[in-house]
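Written out below as structure tokens is the structure these notes cover.
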Amino acid sequence: MNGFGDRYRAVPRAALKRAATPPSGDSPEAIWHCLFDTQTYTDNATTRLTFFQTTNADPTLSNMEASGQLPSPQYLNVYNINLDAWTAIPVSQGANVVGDAGDLALLLLTGRPVWTFTLANKTYGPYPLTTLHGTGGPDVFGWGFAHATDSIQFAKVDKSPGWNYYGRVIIPPQQSFKIDVVFAAAQNLTADWRLRISIMGVLSRRVL
């Protein structure tokens, strides 16, 4: 695994100026971008969640600028699609397997969830939700008093490489898109969960 920094070399000032300045007013700026949206899985009730259909005043839950579409003139070349999940109490204590680890197993496996990406009424999927891996999170070492009937649990979605379109799927401006997650049945969890889906890729946008 590479550390911080990368190999580099000095380049002429003129080359830096050319790279930083678009050749015309119609040329876009291209940046790596993460588009995300968060929905709540309600314990014993939810069988379908739809992402990216609405804006949210809370910027920690979604960064959608428009409901169900990218504003003009933005384009997004889709690379990674990721899933993160958490509860209000990220470390739980309970009897046997009741708690975060048990809940996450129900959400990802027992509930047999599938996800479908829809772009301008064209569908990609359905695929198992376990193909969407996490963006990251704390690596935890736990401690506490051991009891015969209690367990202390922390769980998160696997952060190893997951689904990747490698830029071959492109979301154009003002075209509807969404991701649906469908469960075989509502799951009996210990609490409500937040599910966040992130679409990562190259965003082309206006240079101001």
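Residues of the range 169-189 being outside any loop (DSSP other than H, G, I, E, B) and surrounded by fewer than 20 Cβ atoms within 10 Å (Cβ to Cβ), which ones? Those that are outside any loop (DSSP other than H, G, I, E, B) and surrounded by fewer than 20 Cβ atoms within 10 Å (Cβ to Cβ): 169, 170, 173, 178, 180, 182. Looking only at the range 61-74, filter to residues that are polar (S, T, N, Q) and in contact (Cβ under 8 Å) with a residue 40 or more places away in the chain; which one of those is surrounded by the fewest Cβ atoms within 10 Å (Cβ to Cβ)? Here the residue is 72.
For the range 30-60, filtered to residues that are aliphatic (A, V, I, L, M) and either assigned to a strand (DSSP E or B) or free of Cβ contacts under 8 Å to residues at least 60 places away in the same chain (or both), the residue that is nearest to residue 104 (Cα to Cα) is 49.
Here, each number is a calculation from the coordinates, and none is a lab measurement. All of these numbers come straight from a predicted model, not from anything done at the bench. Neighbour counts are summed over all protein chains in view; Cβ atoms, including those assigned to glycine, are modelled from backbone coordinates with ideal geometry.
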